[in-house]
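Below: the structure, in structure tokens.
The values are calculated or read from the model by the stated rules, or taken from the named source; none is laboratory data. This one's a predicted model, so the numbers in the text were calculated from it and none came from an experiment. Glycine gets a Cβ as well: all are built from the backbone with ideal geometry, and neighbour counts include every protein chain shown. For accessibility, only protein heavy atoms count, side chains too; no ligands or nucleic acids. Shrake-Rupley method; radii C 1.70, N 1.55, O 1.52, S 1.80 Å.
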Amino acid sequence: MRSLIASWNILKKDVKTYYLKPPNISWGIIFPLSWTLMQALHSAKGNMSGLLPGLIAMSVLFGTTSMLAVTITFERSGRSFDRLLLAPISLGMMVGAKIAGAVIFGIFNAVVPVILVFHYIGLERVKWAMLFLGVLLVAITSALIGLLIAVSAQQVFEAQTLSNFFRFPMLFLCGLFLPLNSLPLFLRPVSYLLPLTYGTDIIKGAITRNNLMAPALSYGVLLAFATGLFFLCHYNIKRKWIL
Amino acid sequence: MIVASKLKKKYGDFTAVDGISFTVKQGEIFGFLGPNGAGKTSTINMMIGLSRPTEGEIIIDGIDVRRQTKKAQAIMGIVPDVSNLYNEMTGFENLCFCASLYGLPKKEREHKARQLLERFQLTGIEERPFKAYSKGMRRKLTIAAAIIHSPRVLFLDEPTAGIDIVSARQVRELVLGLKELGTTIFVTTHNIEEAERICDRLAFIANGKIVADGSVKELMDQVSHRQAMQVVTDANVGGLIGGLQARFEGSIIEQIDDRSMLLKSRNQIPLLPLVEYLSRHGISVYEAKYVRPSLEDVFISLTGSEKPLISRNKGKGGQKP
Ligand SMILES: Nc1ncnc2c1ncn2[C@@H]1O[C@H](COP(=O)(O)OP(=O)(O)OP(=O)(O)O)[C@@H](O)[C@H]1O
Ligand SMILES: [Mg+2]
């Protein structure tokens, strides 16, 4: 009970003090909109539907990784994070609550592109459960990557630099812009090591039906990624933050 | 209540805390006194589970902090050396949030937060964000946040550092009040007067080692045989220090300022010869008073360090809170 009250309030505080702040909300709206606009300017309507899954994945990825990495590094540098480390709830619960906030923010980031999906593709062609699961899993893995970055960074700017260092290569290798089978042969194994590749594939499957892998496989791989990343974060936090 | 044995903390090759042992009894205020860099914060961090001891163990209320960190943390209140609440949140929100971390239900959190704001004289500003608080207010709110879940053991790391006399006094009164309620309190400070005023027992730490511990009285007994006298004159005594030192053998004479000095000796210092000596040199004595030895003298005699822990601008008269 104690852990639940604590986790719920950590989540509530993060949403209220960070994620609901105007700059973050507008980021979640403007970023996907401007990307769409850019694409819409030089592609036909048919192409648009091909681009939307990528747009969803990208919005979620960007929103989630940077938010968690930055807010945690921020709380660490102001030392308020110590309060969470000192709270009588397990590290796993605390980390879970932190991640949950970022995941919700990530899902919110998918709202605008999903509205665009209505517009370009229409309601009835989309597999909603699959889309939701895809978005959720991308958000969870991205949040965990953000956390991993936060554990490695000392300062906010470092966290931002590190997140970009991870995100941009991921974007190019996950099959968003370039189809996986058009990537040079030596890069393809790298693609299959990125969680985003599987997330994008699920979302593609949900919207345009041209996924490369079986959805079950992608779900499984993403869950495995999430579990692995969670334990890696847990281990690293214990090692690096409890000196 | 708290038993620390052979605690050691190394950062790389550097030993910040060097195998210290001490016990804190149920319901007492235990002071941990030492100069900057002595290892006070390092020790507290090990006790609260924010850092891992390199060696040694800590038992709090029968709980092994290393093994059952979370269980131990549930009965602890912690005031860290920096006031680390959330800048964007208001005073009231901060208190409620901290209470929620210890599992207090909503009604109770809000009730207690209001109670504490009142007790700490912070009503009226509870809706301001923490970042808009003054240093003294921040400190008080940080303490309030640490006790909102009614901890059995309270750790305070330099609770009065950097705040004014009035706020510091309020903080001390609050700490004494908590003791009345039965809370066991561990407080670090580099302010000797403060330790003297509020602590039941003390440990002096220097370079990671405890150089003495005991009740204030026990520690004072070590220096009670020392005498000190402060003398105020009408002219500069600077040129006479050497002569006086020779005349009053075994005494140490320090010039405090142009017209006053401090004589310290193991023996009684006779007043008349001193006045005579000075008047022969054309100096009259306006005031001479015995100064009772202080804990600072204990610390200096133990560590051999002449560097005072805090700068004093007044005599060492005993003041009470
Ligand atoms: N994380 C760390 N890494 C390396 N050295 C450290 C670390 N933390 C503390 N130290 C060193 O350990 C020693 C003791 O530090 P500590 O903060 O415990 O002192 P303190 O008694 O609390 O001092 P102060 O009165 O300044 O707060 C210092 O020399 C400090 O430089
Ligand atoms: Mg300190």
### Task
List every residue pair whose Cβ atoms lie under 6 Å apart, where the two residues are 6 or more positions apart in sequence or sit on different chains, the first residue falls within segment B:73-92 and is within 7 Å of another protein chain (Cβ to nearest Cβ), and the second residue, located anywhere, is open to solvent by 10 Å² or more (accessible area, probe 1.4 Å) and of a type in the set (A, V, I, L, M).
B:GLN73/A:LEU86; B:ILE78/A:LEU86
### Summary
By residue number, the members of segment A:81-94 that are surrounded by 20 or more Cβ atoms within 10 Å (Cβ to Cβ) and more than 19 Å from B:ARG52 (Cα to Cα) are A:MET94
### Task
State the number of residues belonging to segment B:12-44 that are within 16 Å of ligand 2 (Cβ to nearest atom) and without any contact (Cβ under 8 Å) to a residue 24 or more places away in the chain.
2
### Message
Please verify whether B:ALA113 is within 19 Å of B:ILE185 (Cα to Cα), of a type outside the set (Lys, Arg), under 29 Å from the mean Cα position of the chain (by Cα) and more than 7 Å from chain A (Cβ to nearest Cβ), treating the condition exactly as stated.
### Response
no
### Any chance B:ILE58 is outside any helix (DSSP H, G or I), modelled with pLDDT of 95 or more and either more than 11 Å from chain A (Cβ to nearest Cβ) or in contact with a Phe, Trp or Tyr (Cβ under 8 Å, 6 or more places away or on another chain) (or both)
yes
### Query
Out of B:LEU141, B:LEU178, B:LEU154, which single residue is open to solvent by 10 Å² or more (accessible area, probe 1.4 Å), in contact with a Leu (Cβ under 7 Å, 6 or more places away or on another chain) and either outside any loop (DSSP other than H, G, I, E, B) or not assigned by TED's automatic domain parsing to the domain that holds B:GLU110 (or both)?
B:LEU178
### Summary
Apart from one, (1) more than 16 Å from ligand 1 (Cβ to nearest atom); (2) open to solvent by less than 50 Å² (accessible area, probe 1.4 Å); (3) of a type outside the set (S, T, N, Q); (4) in a helix (DSSP H, G or I) all hold for B:GLU218; the odd one out is (2)
### Message
Testing B:ASN94 on (1) in a strand (DSSP E or B); (2) more than 16 Å from ligand 1 (Cβ to nearest atom), one condition comes back false. Which one is that?
### Response
(1)
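Quick grid of which residues meet (1) within 16 Å of ligand 1 (Cβ to nearest atom); (2) open to solvent by 50 Å² or more (accessible area, probe 1.4 Å); (3) farther than 24 Å from B:LYS135 by Cα:
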{"site": "B:VAL3", "(1), (2), (3)": "no, yes, yes"}
{"site": "B:GLY12", "(1), (2), (3)": "yes, yes, yes"}
{"site": "B:GLY19", "(1), (2), (3)": "yes, no, yes"}
{"site": "B:ASN87", "(1), (2), (3)": "no, yes, no"}
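Give the residues of segment B:181-205 that are within 13 Å of the chain's Cα centre (by Cα) and part of a loop (DSSP other than H, G, I, E, B), sorted by residue number.
Filtering segment B:181-205 down to residues within 13 Å of the chain's Cα centre (by Cα) leaves B:185-205.
Correct list: B:HIS190, B:ASN191, B:CYS199, B:ASP200.
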### Task
Give segment A:96-106 a look and list any residue that's of a type in the set (A, V, I, L, M) and surrounded by 21 or more Cβ atoms within 10 Å (Cβ to Cβ), or say none.
A:ALA97, A:ILE99, A:ALA102, A:VAL103
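What are the residues in segment B:51-69 that are open to solvent by 60 Å² or more (accessible area, probe 1.4 Å) and more than 16 Å from ligand 1 (Cβ to nearest atom), if any? Before you say what the answer is, go through the steps one by one.
Of the residues in segment B:51-69, the ones open to solvent by 60 Å² or more (accessible area, probe 1.4 Å) are B:52, B:54-55, B:57, B:62, B:66-68.
Matches in segment B:51-69: B:GLU57, B:GLY62, B:ARG66, B:ARG67, B:GLN68.
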### Task
Return a yes/no flag: does segment A:63-78 have any residue that is more than 27 Å from B:LYS131 (Cβ to Cβ), part of a helix (DSSP H, G or I) and open to solvent by 10 Å² or more (accessible area, probe 1.4 Å).
no
